[in-house]
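Undergrad: Have a look at this one.
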Amino acid sequence: MKSSLFSLGFRPFFLLAALGGSVIMLAWLVTLMSGYAWPGVQDPVAWHRHEMLFGYTGAVIAGFLLTAVRRWTGLSTPDGWPLALLAAVWVAARLTPLLTDRTWLYVLLDLGFWVGLWISLWPALHRAALHNRVFLLLIAGLLVAAALSHSFTLGLGNFWLGHLGAHLGLDFLLIIMLVVAGRVLPFFIQLGLQRPAFPRVAWLEKPFPLLLAALLVVDLTLPLTPWAGLMNLLLAAWLLPRLYLWHDRGIWRVPLLWSLYLAYAWLPVGLALRGLGMLDLVNPYAGIHALGVGGIGLLTLSMMSRVSLGHTGRPLQPSKWIVLALVLMLGAALVRVFTVTLLGSTAYLLSASLWIAALLLFLLVYLPILTRPRPDGNPG
């Protein structure tokens, strides 16, 4: 009999994201506070950014796409032992640098996960509509970005190449978030509040893919320059009308709506701060963490909470503990982005602790939900 845990991609990967995201952040705190050197971690800062981008967020993306692609295309994605194998590769990649100095194995496993995810999605997506097929390109982009980011792991001595890989990885993740949130956020608000559909503004929507492509090109060819800063500011400004158009006062009564809305709001904030950082007007790390903790952190936690309820046949009403987790994640972002100048290293400790607490609450609440069959007896 097939295990419920490996019946659909969101089940193992959402649990692994919560557990792994907590452990990765805890390991970072240990290094930050004590100076402890993990066996396979040559550059702690480079390892931290790589694991948060390609480790934690990679698990959430895998869980989401392996689940959503079935609904988008009507075709199957891996379950059972192939899904378990992909999850095992992800786990092995996360543990290797913490337990051994075999950096070649870390790189092999980490890149192997992205190759495995691309192969897993290919049968369902390669003949799908263009707006779905684009995810194959985005996953391939993340594979390339992860490989560049690993230049520090392989001892190539190229700090710039590793930095470029991390920035491109963040760009690809940002594009995935914008594409997915652009589809689901207005739909979820419409469905959750039983209101008419939001209007689509042609002049706002049609140039959007070109702006996303331009962001990638500029960050690849002119990385961390004033031109890249201006491109980030332009995209941030382009997102603001969406926030206005998609706003409904009713969202503030529904935790799984206000959390998604605020997560989306962090994206223009993060882009603006990253752009200003490239113009040497603000701390360059403010924008990175606004996108990473506010955008990625809150959006992934919100999506995992909603998808896990919906795909296990449960009402879309999170427990009070998940509402608390969402508030903690929002707090982690606010502390990390806006209080470092005032609190110094205390801000790092507090923000990381809030991040860990939020993900552990998700893990405790959803562990029984994601490891048991659907209560209605349906597959998934």
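Undergrad: Regarding the stretch 44-58, can at least one residue be identified that is buried (at least 23 other Cβ atoms within 10 Å of the Cβ), at pLDDT 95 or above, of a type in the set (V, I, T) and closer than 23 Å to L161 by Cβ?
TA: yes
Undergrad: Checking the conditions here, which among R242, R274 is buried (at least 18 other Cβ atoms within 10 Å of the Cβ), among the charged types (D, E, K, R) and under 19 Å from F172 (Cα atoms)?
TA: Working: R242 fails: under 19 Å from F172 (Cα atoms).
Answer to the selection: R274.
Undergrad: Tally time: how many residues in the stretch 86-113 are of a type in the set (K, R), surrounded by fewer than 20 Cβ atoms within 10 Å (Cβ to Cβ) and assigned to a helix (DSSP H, G or I)? Can you show your working first?
TA: Within the stretch 86-113, the first condition is being of a type in the set (K, R), and the residues that meet it are 94, 102.
Checking the rest, the ones that are also surrounded by fewer than 20 Cβ atoms within 10 Å (Cβ to Cβ) come to 102.
In the following step, the residues that additionally are assigned to a helix (DSSP H, G or I) were identified as none.
Residues meeting the conditions: 0.
Undergrad: Would you mind finding the one in R372, R336 that is surrounded by fewer than 19 Cβ atoms within 10 Å (Cβ to Cβ) and of a type in the set (K, R)? So that I can check it myself, show each step before the final result.
TA: On the way: R336 fails: surrounded by fewer than 19 Cβ atoms within 10 Å (Cβ to Cβ).
None of the other options fit; the residue is R372.
Undergrad: Just one of the numbered conditions (1) in contact with a Leu (Cβ under 6 Å, 6 or more places away or on another chain); (2) under 17 Å from R274 (Cα atoms); (3) assigned to a helix (DSSP H, G or I) is not true of I176; which one?
TA: (2)
Undergrad: Exactly one of these conditions fails for L224: (1) closer than 18 Å to R49 by Cβ; (2) outside any helix (DSSP H, G or I); (3) touching a Leu at 6+ places or on another chain (Cβ under 7 Å). Give me its number.
TA: (3)
Undergrad: Given the criterion assigned to a loop (DSSP other than H, G, I, E, B), free of Cβ contacts under 8 Å to residues at least 60 places away in the same chain, among the aliphatic types (A, V, I, L, M) and in contact with a helix residue (DSSP H, G or I) (Cβ under 9 Å, 6 or more places away or on another chain), identify the matching residue among A147, A128, A124. Please lay out each step first, then the result.
TA: Numbers: A147 fails: assigned to a loop (DSSP other than H, G, I, E, B); A124 fails: assigned to a loop (DSSP other than H, G, I, E, B).
It is A128.
Undergrad: Also: For V254, all conditions in the list (1) surrounded by 14 or more Cβ atoms within 10 Å (Cβ to Cβ); (2) among the β-branched types (V, I, T); (3) farther than 30 Å from V323 by Cα hold save one; what is the number of the exception?
TA: (3)
Undergrad: Here is a list of conditions, (1) at pLDDT below 95; (2) small (G, A, S); (3) part of a helix (DSSP H, G or I); (4) under 24 Å from P318 (Cβ atoms), and G377 meets all of them except one; can you say which number that is?
TA: (3)
Undergrad: Considering each residue of the stretch 19-53, count those that are part of a helix (DSSP H, G or I), touching a residue at least 60 places away in the same chain (Cβ under 8 Å) and small (G, A, S), and give that number.
TA: 5
Undergrad: While we're here: Cβ contacts < 7 Å: first residue polar (S, T, N, Q), restricted to the stretch 220-240; second residue surrounded by 14 or more Cβ atoms within 10 Å (Cβ to Cβ) and in a helix (DSSP H, G or I), any location; separation 6+ or different chain. Result?
TA: T225/M278; N232/L271; N232/R274; N232/G275; N232/M278
The values are calculated or read from the model by the stated rules, or taken from the named source; none is laboratory data. Since the structure is predicted, the reported quantities are computational estimates derived from the model, not experimental observations. Here the Cβ is made from the backbone with ideal geometry for all residues, glycine too, and neighbour counts use every protein chain on show.
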